[in-house]
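Have a look at the structure below, then the notes.
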Amino acid sequence: MNSFDTALNAFMQSQIRFEELLQIARQTGQASEHDVLAAKKLLEVEYRAGRIPPQIYAALESELNDTTQIASAEDDAKTRLVEPKSEDATLVQTSPTSPPMTSAMNTESLLNGLNEAEPAEELTVGSIIKHRFVLQQLMGVGGMGMVFKATDLRKIEAQDKEPFVALKVLNQDFKTNPMALVSLQRETKRAQTLSHPNIIKVFDFDRDGGHVFMSMEYLEGKPLSRLIKDHPEGLAFKEAWPLIHAMADALRHAHKKNIVHSDFKPGNVFIDDSGEVRVLDFGIACAISRSDKDHQDATVFNARSLGAFTPSYASLEQLHNSDPDQRDDIYALACVSYEILTGKHPYGRLSAEKAQEVNLEVKPVAQLSRRQWKGLQKALAFEKEKRTATIDQFIAALGPRSTVFYGLWGAGIFAGALIAGNIYLGMMAPPTLVEAPKVTAQLSAEQKQKINDLLELASIHTDVGYLTAPTGSNAFWAYQEVLKIDPYNKAATNGIISIADTLEQQAWEAYERNDRAAALKKVQEGLEVYASHKGLLSLREKLRTSP
């Protein structure tokens, strides 16, 4: 794979800027005739497949600086069916047999003045749309259009400190297609109704001369695809779960509105600089079939008729063009979740159809518990009948435990505010660890569940280093809560001993660094956890007597 091929792939995945791609194209144009011809051929194929807009194609073709003409494909329709070079690029097919538009939405005003034979003026940095939006930067290219960072002059007039917006502009190939216009207009309408902190805000849908565009909030940050690339071994669960949960919340909200995203993938998830997650690009979102035909979102237009999808994240049913189902999104979410946790796509970026054909099995995620892995595995099932049915079920299966878990976590933090002192001040008596009796107390199912949740909570606190702090939300606190329910619980007792052992090790490390103050602090912390720990008592004596 040459440098231009690699750069074009990276640009289509929003990993590099258009200016960087242009520079590489310029360098390739000065290379050997063989390299130039190869680059031109690749560019032609991607353009004919509808994955590169005319403006980008023209600019790159000019930079390649070669006049050799590439023969046209014999059958453009067949060319469009080829999977894109980037497995994460949305595949858009336009079919001559597409059904007539039956949407009740009026696109006549949008179509007026749009002449397919006369391409619109090329948009570049500095172009002004609607006498209002000044294009500042080309941020990326999607299946149906380009996305620009733009300055909103009205916000400038209002002295808004954040005058930037993002503009999605339809490609020349699609803007005169009424179905494509309906898709973008529907995206705007749906996104405006999907008011949720984890879904990008969409402002308006409009046309300026030959350009049809949608405006939305501009975010500083990076796509999830870049985060995954930066962590090839995956993220630890404690870091991954907030991202997964936020994405799931966004999709759950959409499903409650009777909407399926249909193209969920890392490239359609954005993480802003504050760490907040946004799901974007509901461009081919589909209304879920309902028996309630009078519902305002009853399906009168199916954006899937445009053939837009991403094979690596599309469910088997979506590949077979079945009716939209929220389990389509659950399959995609499971693929993305697996990728976050491992750095790898569960099926090696094969489509569900191909993975099923070769009977490919997913490698378990080592850091997940047996329960969590079964939950993720079920969400990755090829047949929807075997797949997790709802986002709520997905969250319950993959999350730290049950809904009780979150109550315990919050209760632990709240309890910390009510406790007059903490273990550092010695105002909570350390537990008395006693040998378990031969007869164990009978516990109710609710008590057993709470103990399991507390033990898992303690394990997570231990993983992140919250052994004895913060107050009311740490591993020691969780084990104490278990012992209140079952005073002879072996797992809790062993957990407390393990905390003391860890603190002893940390104290010895400080002692060997000749940091006696830090060593003594760790010893005292450990003895507040387990007062009769022999190793800690021995080290304390050594610290007291040694010069």
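Bear in mind that the values in this text are calculations on the coordinates, not laboratory data. Given the structure is predicted, the values throughout are model-derived calculations rather than measurements. Neighbour counts run over all protein chains shown; Cβ positions are idealised from the backbone, glycine included.
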Packing-based ranking, highest mean first, of 132-139, 362-369, 452-459 given that Cβ atoms within 10 Å are counted: 452-459, 132-139, 362-369
Subset of K201/K265; K130/K155; K229/K384; K354/K386 violating a 23 Å alpha-carbon distance limit: K229/K384
